[in-house]
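Participant: My questions all concern the structure below.
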Amino acid sequence: MQLRTPQTIIDSFLRAETELRQALNQHTFKRDVVLQTIGRDGQVTGQYVRNSDFVFNDRGERIERVTYHPPSTIREMRITKEDVQDLAGAQLLGVDITESAKYHLAYRGEELLNGKLVYVVSVEPAVQPDPYHMNERYFRGTVWMDATTYQTVKVSGAVEPQGKQRFPRFETWREAPNFSNSITFEPTTLSTARFAFPSRTEADDVLHFPKRDVNYRIRVRYHDYKLFASTVSVKELD
């Protein structure tokens, strides 16, 4: 049995995240987004809704197909392209392990999360995020992973740089989807354990702008995961 050290735990986390993305990239899913501004008395003062199917085009590339997106009623702030980018980026998956050199990962120890033993890893950008390059998004926060499977079960943090914009601290939880046509992998570190896919993202934070503070709430649900497969027609020849 391999001795578990901080480095082997981090290495196993990166392998498990790579395998998770391989599985996720072979599934379609639905995403329901509700962004809200909240008044002093707790009332909703504005709302942005964006429901989407994440599917594949004829070239096998994942695309977002927006199914419901009424006009936003948020007036206290503007929902930007970076907000939308983060919904499908760090808020969905946390660390961009395809560019792991962008980050410093540090093992922080063990905890109990919902009665299960988890390893805790802190994540910081390897370089200072540049507010003049807002399209380069970086996650800063914490990851909790199952101590047996190394699958991430919770991500908490914020996306940088902030610049003139402000972005909330969020939490994304992962669970094993309830579907029968899931793809099955047999990786060394995960054995036959099922993958935990993102199930929900939540945020309830106060964004501090130069002239005002805005209470901002995020509720996102990921659901209806289905294994993507092309249709194959077989004909019998005489």
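The values are calculated or read from the model by the stated rules, or taken from the named source; none is laboratory data. This structure is a prediction, so every number in the text was calculated from the model and none was measured. Cβ placement follows ideal geometry from the backbone for every residue including glycine, while neighbour counts extend to all protein chains displayed.
Yes/no per residue for (1) under 22 Å from Ser52 (Cα atoms); (2) outside any loop (DSSP other than H, G, I, E, B); (3) at pLDDT 95 or above:
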position: Val153; (1), (2), (3): no, yes, yes
position: Lys164; (1), (2), (3): no, no, no
position: Trp173; (1), (2), (3): yes, yes, yes
position: Asn181; (1), (2), (3): yes, no, no
position: Thr188; (1), (2), (3): no, no, no
position: Val206; (1), (2), (3): no, yes, yes
position: Val214; (1), (2), (3): no, yes, yes
position: Ile218; (1), (2), (3): yes, yes, yes
position: Tyr222; (1), (2), (3): yes, yes, yes
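Participant: Of all residues in segment 56-93 being touching a residue at least 60 places away in the same chain (Cβ under 8 Å) and touching a Ser or Thr at 6+ places or on another chain (Cβ under 6 Å), which is surrounded by the fewest Cβ atoms within 10 Å (Cβ to Cβ)?
Facilitator: By that ranking, first place goes to Glu76.
Participant: Would a scan of segment 143-151 turn up a residue that is in contact with a Ser or Thr (Cβ under 6 Å, 6 or more places away or on another chain) and under 20 Å from Arg169 (Cβ atoms)?
Facilitator: Taking segment 143-151 and keeping what is in contact with a Ser or Thr (Cβ under 6 Å, 6 or more places away or on another chain), we get 143, 145, 150.
From what's left, under 20 Å from Arg169 (Cβ atoms): 143, 145.
Yes, there is a match, as at least one residue in segment 143-151 is in contact with a Ser or Thr (Cβ under 6 Å, 6 or more places away or on another chain) and under 20 Å from Arg169 (Cβ atoms).
Participant: Something else about it: Restrict the check to segment 153-175 and report whether at least one residue is closer than 25 Å to Arg194 by Cα, among the polar types (S, T, N, Q), crowded, with 21+ Cβ neighbours inside 10 Å and within 14 Å of the chain's Cα centre (by Cα).
Facilitator: Among the residues of segment 153-175, at least one is closer than 25 Å to Arg194 by Cα, among the polar types (S, T, N, Q), crowded, with 21+ Cβ neighbours inside 10 Å and within 14 Å of the chain's Cα centre (by Cα), which makes the answer yes.
Participant: Hey, another quick one. Tell me, yes or no, whether segment 114-122 has at least one residue that is buried (at least 18 other Cβ atoms within 10 Å of the Cβ), of a type in the set (A, V, I, L, M) and at pLDDT below 95.
Facilitator: No - not one qualifying residue is present in segment 114-122.
Participant: Can you tell me which of (1) touching a residue at least 40 places away in the same chain (Cβ under 8 Å); (2) under 13 Å from Glu17 (Cβ atoms); (3) not hydroxyl-bearing (Ser, Thr, Tyr); (4) not in a strand (DSSP E or B) is the one Glu99 doesn't meet?
Facilitator: (1)
Participant: On the basis of being among the charged types (D, E, K, R), at pLDDT 95 or above and part of a strand (DSSP E or B), does Arg75 make the cut?
Facilitator: Working: among the charged types (D, E, K, R): yes; at pLDDT 95 or above: yes; part of a strand (DSSP E or B): no.
No: the conditions fail for Arg75.
Participant: May I pose another question? Out of all the residues in segment 1-25, which are over 16 Å from the mean Cα position of the chain (by Cα) and not hydrophobic (A, V, I, L, M, F, W, C)? Quick ask: steps written out before the conclusion?
Facilitator: At the first step, the residues of segment 1-25 found to be over 16 Å from the mean Cα position of the chain (by Cα) are 1-12, 15.
Within segment 1-25, Gln2, Arg4, Thr5, Pro6, Gln7, Thr8, Asp11, Ser12, Arg15 meet the criteria.
Participant: Give segment 137-148 a look and list any residue that's over 16 Å from Gly109 (Cα atoms) and not in a strand (DSSP E or B), or say none. Spell out the reasoning first.
Facilitator: Within segment 137-148, the first condition is being over 16 Å from Gly109 (Cα atoms), and the residues that meet it are 137-140.
Scanning segment 137-148 gives a single hit, Arg137.
Participant: Something else about it: Considering only segment 32-46, I want to know if a residue exists there that is over 21 Å from Leu207 (Cα atoms) and surrounded by 16 or more Cβ atoms within 10 Å (Cβ to Cβ).
Facilitator: Quick first cut of segment 32-46, residues over 21 Å from Leu207 (Cα atoms) only: 32.
Pick out the ones that are also surrounded by 16 or more Cβ atoms within 10 Å (Cβ to Cβ) and you get 32.
Checking segment 32-46: at least one residue is over 21 Å from Leu207 (Cα atoms) and surrounded by 16 or more Cβ atoms within 10 Å (Cβ to Cβ).
Participant: On to the next question. So in segment 156-166, with the set limited to residues that are touching a residue at least 60 places away in the same chain (Cβ under 8 Å) and in contact with an Asp or Glu (Cβ under 7 Å, 6 or more places away or on another chain), which one is farthest from Tyr222 (Cα to Cα)?
Facilitator: Result: Gln165.
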